[in-house]
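To start, the structure itself, in structure tokens.
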Amino acid sequence: MRKITLSNGKTVEVECLSCALTSGLIEPDGGVVLETEYFHAHQDVAYPIKGLIILASKRHIKCFDELTEEEKIDYIQVLSKIRKAQRNVLGIEYVYYFYNEDTTHHFHTWMVPRYDWMYEFGRSVESVRPVLLYARNKMNSNVNIQEVTAAIDLLTRELNS
Ligand SMILES: [Zn+2]
């Protein structure tokens, strides 16, 4: 078991955070944005960036080649559907995708929208970690959290309509 501190400050002990989220044991702040037979999408509000989505598989797997044929099809469909919703309701022009197989949780893809302020941290992969840390440490004002929450609601409505 590992102790994990959630974005709301609560501490939980779980084997795998992704399992806890996708099974509903932990309810993400802002709720579930989209759920399918094989995948689960939510925003990690610990990183308050409008439209940032984490797409996790429901099965406890780590690597891309562990996906079944059905999961592969669902994955690309869900990923594209979320991408389209980010564009349609939030006007997001570009998204960075990040996924590492040596995760301490399980298979999940970060969809990080690209905003103009992020370019001061670089133009490519080297900017992702500094951008996330900046968001976590400097953008956690009530006003911004409210905007992020409103964006989650917009995405959730668009994706489930
Ligand atoms: Zn898991």
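Derivation of every value follows stated rules applied to the coordinates shown; laboratory data play no part. Here the structure is a predicted model, which is why all the values come from computation and not from measurement. We place every Cβ from the backbone using ideal geometry, glycine too, and count neighbours over all the protein chains shown.
What nm value, rounded to one decimal, do you get for the distance between ARG2 and GLU37 when each label is placed 7 Å out toward the C-beta?
My value for the distance between the label points is 3.0 nm.
What does the charge count around VAL148 come to, taking other residues whose C-beta lies under 11 Å from its C-beta (Lys +1, Arg +1, Asp -1, Glu -1)?
-3
In the chain, which cysteines lack any other cysteine Cβ under 4.7 Å from their own?
For the chain, the answer is CYS63, because their Cβ atoms have no other cysteine Cβ under 4.7 Å.
Using the 10 angstrom Cβ neighbour count as an exposure proxy, how do LYS3, LYS84 rank, fewest first?
LYS3, LYS84
Viscosity 1.567 mPa s, temperature 4 °C: what is the translational diffusion coefficient of the chain from Stokes-Einstein with a Kirkwood Rh over Cα pairs, rounded to a whole number of µm²/s?
So the translational diffusion coefficient is about 80 µm²/s.
Need one number: nm distance between label points at THR11 and ILE76, each 7 Å from Cα along Cα→Cβ, rounded to one decimal.
4.4
How long is the gain from GLU66 to ARG129 if the chain were fully straight, where each residue apart is worth 0.36 nm and the alpha carbon distance is subtracted?
Between GLU66 and ARG129, full extension yields 20.0 nm more.
Determine the distance separating the Cα centre of the range 103-161 from the Cα centre of the range 1-69; give it in Å without decimals.
After rounding, the separation between the Cα centres reads 15 Å.
Filter the cross-link list LYS3/LYS62; LYS10/LYS138; LYS50/LYS138; LYS3/LYS138; LYS62/LYS84; LYS50/LYS84 down to pairs whose alpha-carbon distance in this structure exceeds 22 Å.
LYS3/LYS138; LYS62/LYS84
Over the range 29-159, calculate the relative contact order: mean separation of alpha carbon pairs under 8 Å at least 6 apart, over the residue count, as a percent.
33
Ordered by residue, what ³J(HN,Hα) values in Hz, to whole numbers, does the range 146-158 give under the Karplus form 6.51 cos²θ - 1.76 cosθ + 1.60, where θ = phi - 60° and Gly and Pro are x?
With the stated coefficients, the range 146-158 comes to 5, 5, 5, 5, 4, 5, 4, 4, 4, 5, 4, 5, 4 Hz.
Between ARG59 and LYS84, what is the label-point separation in nm under the 7 Å Cα-to-beta-carbon projection?
2.6
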